[in-house]
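Engineer: Just passing along the structure, written as structure tokens.
The values are calculated or read from the model by the stated rules, or taken from the named source; none is laboratory data. The structure presented is a predicted model; accordingly, all values stated were derived computationally and were not measured. Every residue, glycine as well, gets a Cβ built from its backbone with ideal geometry; the counts of neighbours run over all protein chains shown.
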Amino acid sequence: MEIWFQDEARIGQKNGIVRQWARTGTRPRQPKDQRYGNAYIFGAICPAMGKGCGLIMPFADTDAMQAHLEAIAARVTHGACAVVLLDRAGWHTTRRLKLPPNIVPILLPARSPELNPVENVWQYLRQNWLSNRVY
């Protein structure tokens, strides 16, 4: 039995401005793009096994979630079953989603991001890698 945590994050042109170190008396430039454009990172981790899986998709919808579940299923140890903790996004709860045979979903309570450790991954990426950049 493997326990996986799954979530998705929207990234795009409207990046955030975050604090940055600079010499006293200077004002470092921080670029900000005014255009609109987004992509979605679908990510899942299994901390106990040290595994992860991620996809970058143009939309967050049922088709993207289906592709992500299939990618997770491919990384589960042969003969094992993965319990995947999900939030209650519409594309997680739709009946159109075809679950792979080695995946069992568990829906987290609504409005409880603190229960999903993948939220910390998104926060880290936004603060250290995705901020103050123009794509």
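Engineer: Before we move on, is ARG88 in contact (Cβ under 8 Å) with a residue 12 or more places away in the chain, under 30 Å from GLN30 (Cα atoms) and charged (D, E, K, R)?
Structural biologist: No, not satisfied.
Conditions tested, residue by residue: (1) modelled with pLDDT of 95 or more; (2) touching a helix residue (DSSP H, G or I) at 6+ places or on another chain (Cβ under 9 Å); (3) surrounded by fewer than 10 Cβ atoms within 10 Å (Cβ to Cβ).
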position	(1), (2), (3)
THR26	no, no, yes
LEU69	yes, no, no
TRP91	no, yes, no
ARG95	no, no, yes
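Engineer: Right, ALA80: surrounded by fewer than 14 Cβ atoms within 10 Å (Cβ to Cβ), touching a strand residue (DSSP E or B) at 6+ places or on another chain (Cβ under 9 Å) and either not basic (Lys, Arg) or not in a helix (DSSP H, G or I) (or both) or not?
Structural biologist: On the way: surrounded by fewer than 14 Cβ atoms within 10 Å (Cβ to Cβ): yes; touching a strand residue (DSSP E or B) at 6+ places or on another chain (Cβ under 9 Å): yes; either not basic (Lys, Arg) or not in a helix (DSSP H, G or I) (or both): yes.
Judged against the criteria, ALA80 is a match.
Engineer: Is there a residue being crowded, with 17+ Cβ neighbours inside 10 Å, within 17 Å of the chain's Cα centre (by Cα) and under 30 Å from GLN20 (Cβ atoms) anywhere in the stretch 122-132?
Structural biologist: Scanning the stretch 122-132, I find at least one residue that is crowded, with 17+ Cβ neighbours inside 10 Å, within 17 Å of the chain's Cα centre (by Cα) and under 30 Å from GLN20 (Cβ atoms), so the answer is yes.
Engineer: Being at pLDDT 90 or above, outside any helix (DSSP H, G or I), out of contact with any strand residue (DSSP E or B) (no Cβ under 7 Å at 6 or more places or on another chain) and not basic (Lys, Arg) is the filter here; which residues of the stretch 97-129 pass it?
Structural biologist: LEU97, PRO100, PRO101, PRO109
Engineer: Out of (1) without any contact (Cβ under 8 Å) to a residue 60 or more places away in the chain; (2) over 14 Å from the mean Cα position of the chain (by Cα), what's the single condition that is false for ASN38?
Structural biologist: The number of the failed condition is (2).
Engineer: Identify the residue in the stretch 105-121 that is in contact (Cβ under 8 Å) with a residue 24 or more places away in the chain, surrounded by 15 or more Cβ atoms within 10 Å (Cβ to Cβ) and hydrophobic (A, V, I, L, M, F, W, C) and, among all such residues, is nearest to ASP7 (Cα to Cα).
Structural biologist: So the residue we want is VAL118.
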